[in-house]
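Engineer: What follows is a single structure, and I will ask about it in a moment.
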Amino acid sequence: MRSFRLRLFVVSALIVATTLGVVMAIGWSRLLDVEIRRLDSRLCMEARRLASQRFGDDDLDRLETDLRAKLRLALPRQLMLRIEPADAAASPLQSGHWLVGLSIDRLPWTPATDAGADGRSAGDQPAPAGRGRRGGHCALSSFSGADTRWRAALLVRPEGRGFVAADLSAARDELQGAVRSALAMAVPAALVLTALAAWLLSSLTMRPVNRLRDAMQAVNRKALDQRLPNAGEDREFKELIASYNAMLDRLESSFRQSMRFSSDAAHELKTPLTVLQGRIEMAMGRTELDSVRSDLADMLDETRRLATITRKLLLLSQADAGGLAVQRVPLDLTAMLDDLAADAPLLLTGQRLTCSIDRQLVTPGDALLLRQVLNNLISNAVTYCPPSGWIEITGRRQHGGIEVVFANACEPMAGEERARFFDRFFRGEAARRRHAQGSGLGLSLSREIARAHDGDLTLEPSPPTAVRLRLWLPSDDTNFILRNAGGSTMTASRS
Amino acid sequence: MKILLIEDEQAIADFVAPGLSARGFEVQHCTDGNDGLAETFKGGHAAIVLDIMLPGLDGLSILTSLRRESVMTPVVLLTARNELGDRIQGLELGADDYLAKPFYVEELAARIHALLRRVNGEHPDAELRAGRLRLDRITREVRCGDEHVELTGREFSLLAYLMRTPGQVYTRGQILEHVWGYDFDPNTNVVDVCIKRIRGKLASIDALGDGAGLIESVRGSGYRLRPLP
């Protein structure tokens, strides 16, 4: 199942991580920028030195070493320098490493605008554009050559020109090294922070959701008049709570309406039934004529059937409206099943019955309703079982509850007929063919009764020529008295 | 014995009152809850038959008032409403018995008799007699003269039901409901089979006397215990 919380966590982690990444990238480029400007100012400073002082050929090695140290360049091929005195007689001085075909004059020079490029502090008076103080001005250029990028500074003074170029990748390598060692510490910390932030975010979001869920769970159908309080909630959740409460209002009103309907219908239907039944009973007691009495007896039994169907319908509508109120007392289910087994010989029409009922099956329940369930199940089995078939009743303790299975042979029954087993007013092919009486309400009501007892009634998978109905009820082990342990098996059959 | 019937439906009172009168009770009828309550406090009733849904004061309120005032007259509740809740509530409030509508007047009368016997300290229907046949509801023993009759649980209940009122005709549906409970399919022949077995057992003990002819079939209607001479 997808978890909203997990999704929230992942999304927040992604957002935080992306933000961190962007911040780091910007920081990196700013750092690089600063580094280049620092380099620029050093280059300009060195170029000024080269232009303003006089150097001889002997000075070249020393100069190169000195510059490399100052610019922090490890290798000779990372530095280029050239000094061109204004005096045409003096020969220019050039470093040993020089790119083939490099001409200073053909490079795209831009004047250094930054005051810092003069090698002075930024607090000084800004220099006029294109002109350095003390006569020279520094120009900067970037170019590529020998598989790398170069940064160069050129300073022109009356005495001559000074040119210094440094391998940019060297500077960047140095910076990268420093950043990498810093990141080695920062990245795990950032990851931990990211996870922490994401967890915090998702928890923060989930907290009101969890609170709402708990509150909603507390509102069940027995307490439909409860409403969620919205004091202290954020605006968004206030709206949610208002919607939920509005839904509860509608639910409660329809629940009350159906309860009232069921109650009113009970009264309206049962009063005429009572009058009818009472009148017929009275008339039966007064007549001495067998033919009249026989008619009246039939009418009485039909009235009774009508009353039974009415009662079932009302119980079902009550179950639909919000559950049957069940008064639970410890019930000896074993005794009830034994009664049923003892009755069986009277009911059977040739079927073979096997019962295996554990002793001391005690369930908390309503005797009237549960007896009705058992009666339903046995009449169902007898109705659907052909005369030569078998019926099997098992009652046993299972997983902290009681399992009662009514299994019987039947004529081959299609899956679609099985699927309709619990439909109201549904009567199977076999029942109709045999003109068996019954309203078709028994099984669906039995299931409601089982559920009202925190149990269930289910149709178990079985071959097409058998039906297995499983009644599960909670067990009440606190109340049984230890009598004789063990189970008993009895067989009853009627020829 | 005077019975107070508090029932607002005139049509129901119209057969309950004569039905109870025919069975030896004197019936006083109230149609309104407030009148009913006033009558109960006047006293002199052996039992009260109380409908739950009443105009004025409803049945459960009357019951509550009665018990609060320590009026312990036995009460049989009649209810048509959603019976589960009423049954639980009614018994909790101190009703002595409960009948769901529709009900048989015969059943109501039997319940009142049983209640009155209980109030008077007798065992309810402890022993029923019919000729030489004696049925003990406490020990669940049936004797014919000195002979013990071995009956199953259902056979015993059925015989006891018929012996309650000798001469009264019970339909198969009535017997089925009383002995097997609500939901049995009235068209099964379980009642006939059971009666046949009881007759067989009685006949084997007392073929000529009370055995064979004690339970009479009433053609087309049902069964009854042979009326007492």
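The values are calculated or read from the model by the stated rules, or taken from the named source; none is laboratory data. These numbers were taken from a predicted model, which means no experiment stands behind them. Note that we place each Cβ from the backbone using ideal geometry, even for glycine, and neighbour counts take in every protein chain shown.
Engineer: Within the range A:327-362, how many residues turn out to be more than 7 Å from chain B (Cβ to nearest Cβ) and part of a loop (DSSP other than H, G, I, E, B)?
Structural biologist: The number of residues fulfilling the criteria is 8.
Engineer: Quick one: what pairs do we get from the range A:387-401, first residue at positive phi, second outside any loop (DSSP other than H, G, I, E, B) and modelled with pLDDT of 90 or more, C-beta under 8 Å, 6+ apart or different chains?
Structural biologist: These pairs meet every condition: A:Gly400/A:Pro474.
Engineer: Now a separate question. Would you please list the contacts, defined by Cβ atoms under 6 Å and residues six or more apart or on different chains, that run from a residue in the range A:174-201 that is in contact (Cβ under 8 Å) with a residue 60 or more places away in the chain to a residue that is hydroxyl-bearing (Ser, Thr, Tyr) and surrounded by 14 or more Cβ atoms within 10 Å (Cβ to Cβ)?
Structural biologist: Close Cβ pairs (under 6 Å, with a partner that is hydroxyl-bearing (Ser, Thr, Tyr) and surrounded by 14 or more Cβ atoms within 10 Å (Cβ to Cβ)) amount to A:Ala198/A:Ser12; A:Leu201/A:Ser12.
Engineer: Follow-up. Examine the range B:134-150 for a residue that is within 14 Å of another protein chain (Cβ to nearest Cβ), buried (at least 20 other Cβ atoms within 10 Å of the Cβ), out of contact with any Phe, Trp or Tyr (no Cβ under 8 Å at 6 or more places or on another chain) and assigned to a loop (DSSP other than H, G, I, E, B), and state whether such a residue exists. Let's see the steps before the verdict.
Structural biologist: Step one: of the range B:134-150, the residues within 14 Å of another protein chain (Cβ to nearest Cβ) are B:140, B:150.
Narrowing further to those that are buried (at least 20 other Cβ atoms within 10 Å of the Cβ): none.
No, the range B:134-150 has no match at all.
Engineer: Please verify whether A:Arg180 is over 25 Å from the mean Cα position of the chain (by Cα) and either within 30 Å of A:Ser91 (Cβ to Cβ) or modelled with pLDDT under 85 (or both), treating the condition exactly as stated.
Structural biologist: Yes.
Engineer: Shifting gears a bit: For the range B:183-199, what are the residues that are within 7 Å of another protein chain (Cβ to nearest Cβ), at pLDDT below 85 and surrounded by fewer than 17 Cβ atoms within 10 Å (Cβ to Cβ)?
Structural biologist: Once the filter is applied, which keeps residues that are within 7 Å of another protein chain (Cβ to nearest Cβ), at pLDDT below 85 and surrounded by fewer than 17 Cβ atoms within 10 Å (Cβ to Cβ), the range B:183-199 yields only B:Asn187.
Engineer: So, in the range A:286-305, exactly how many residues are among the hydrophobic types (A, V, I, L, M, F, W, C), facing another protein chain (nearest Cβ under 8 Å) and in contact with a helix residue (DSSP H, G or I) (Cβ under 6 Å, 6 or more places away or on another chain)?
Structural biologist: Qualifying residue count, the range A:286-305: 2.
Results for (1) under 20 Å from A:Gln318 (Cβ atoms); (2) within 14 Å of chain B (Cβ to nearest Cβ); (3) modelled with pLDDT of 85 or more, shown as yes or no for each residue.
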{"residue": "A:Gly440", "(1), (2), (3)": "yes, yes, no"}
{"residue": "A:Ala452", "(1), (2), (3)": "yes, yes, yes"}
{"residue": "A:Asp456", "(1), (2), (3)": "yes, no, yes"}
{"residue": "A:Pro461", "(1), (2), (3)": "no, no, yes"}
{"residue": "A:Leu469", "(1), (2), (3)": "no, no, yes"}
{"residue": "A:Pro474", "(1), (2), (3)": "no, no, yes"}
{"residue": "A:Arg483", "(1), (2), (3)": "no, no, no"}
{"residue": "A:Gly487", "(1), (2), (3)": "no, no, no"}
{"residue": "A:Met490", "(1), (2), (3)": "no, yes, no"}
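Engineer: Another question about this same structure. Report whether or not B:Leu108 is closer than 27 Å to A:Ala319 by Cβ and within 14 Å of chain A (Cβ to nearest Cβ).
Structural biologist: Here the answer is no, as B:Leu108 does not meet what is asked.
Engineer: Turning to a different aspect of this structure: On the given criteria, is B:His113 more than 14 Å from chain A (Cβ to nearest Cβ), within 30 Å of A:Lys270 (Cα to Cα) and not acidic (Asp, Glu)?
Structural biologist: In short, yes.
Engineer: For A:Glu288, only one of the following conditions fails: (1) more than 26 Å from A:Phe425 (Cβ to Cβ); (2) assigned to a helix (DSSP H, G or I); (3) at pLDDT below 90; (4) of a type outside the set (A, V, I, L, M, F, W, C). What is its number?
Structural biologist: Unmet for A:Glu288, out of (1) more than 26 Å from A:Phe425 (Cβ to Cβ); (2) assigned to a helix (DSSP H, G or I); (3) at pLDDT below 90; (4) of a type outside the set (A, V, I, L, M, F, W, C): (2).
Engineer: Please give the number of the condition B:Met163 fails out of (1) touching a residue at least 60 places away in the same chain (Cβ under 8 Å); (2) part of a helix (DSSP H, G or I); (3) within 11 Å of chain A (Cβ to nearest Cβ).
Structural biologist: Exception for B:Met163: condition (3).
Engineer: Shifting gears a bit: With A:Ser243, A:Ser258, A:Ser263, A:Ser294 as the choices, which residue is among the polar types (S, T, N, Q) and under 30 Å from A:Asn210 (Cβ atoms)?
Structural biologist: Details: A:Ser258 fails: under 30 Å from A:Asn210 (Cβ atoms); A:Ser263 fails: under 30 Å from A:Asn210 (Cβ atoms); A:Ser294 fails: under 30 Å from A:Asn210 (Cβ atoms).
Result: A:Ser243 is the single residue among A:Ser243, A:Ser258, A:Ser263, A:Ser294 that is among the polar types (S, T, N, Q) and under 30 Å from A:Asn210 (Cβ atoms).
Engineer: Still on this structure, I have one more. Quick check: anything in the range B:200-216 at the interface with chain A (Cβ under 10 Å from one of its Cβ atoms), outside any strand (DSSP E or B) and modelled with pLDDT of 85 or more?
Structural biologist: No, there is no match, as no residue in the range B:200-216 is at the interface with chain A (Cβ under 10 Å from one of its Cβ atoms), outside any strand (DSSP E or B) and modelled with pLDDT of 85 or more.
Engineer: Just one of (1) of a type outside the set (D, E, K, R); (2) under 22 Å from A:Met259 (Cβ atoms); (3) out of contact with any Phe, Trp or Tyr (no Cβ under 9 Å at 6 or more places or on another chain) trips up B:Leu78, so point out which.
Structural biologist: (3)
Engineer: Could you please give the count of residues in the range A:266-284 that are surrounded by fewer than 17 Cβ atoms within 10 Å (Cβ to Cβ) and either over 60 Å from the mean Cα position of the chain (by Cα) or in contact (Cβ under 8 Å) with a residue 40 or more places away in the chain (or both)?
Structural biologist: Counting residues in the range A:266-284 that are surrounded by fewer than 17 Cβ atoms within 10 Å (Cβ to Cβ) and either over 60 Å from the mean Cα position of the chain (by Cα) or in contact (Cβ under 8 Å) with a residue 40 or more places away in the chain (or both) gives 1.
Engineer: Which of the following residues is more than 14 Å from every other protein chain (Cβ to nearest Cβ), crowded, with 18+ Cβ neighbours inside 10 Å and not in a helix (DSSP H, G or I): B:Leu57, B:Leu78, B:Leu37? If you could, list the steps in order and put the result at the bottom.
Structural biologist: Values: B:Leu78 fails: more than 14 Å from every other protein chain (Cβ to nearest Cβ); B:Leu37 fails: not in a helix (DSSP H, G or I).
Residue meeting the stated conditions: B:Leu57.
Engineer: Looking at the range A:363-388 only, could you name the residues that are in a loop (DSSP other than H, G, I, E, B) and crowded, with 21+ Cβ neighbours inside 10 Å?
Structural biologist: Selection gives A:Asp366, A:Cys385.
Engineer: Looking at (1) closer than 23 Å to A:Met80 by Cβ; (2) at pLDDT 85 or above, which one does A:Leu14 not meet, given that it meets all the others?
Structural biologist: Unmet for A:Leu14, out of (1) closer than 23 Å to A:Met80 by Cβ; (2) at pLDDT 85 or above: (1).
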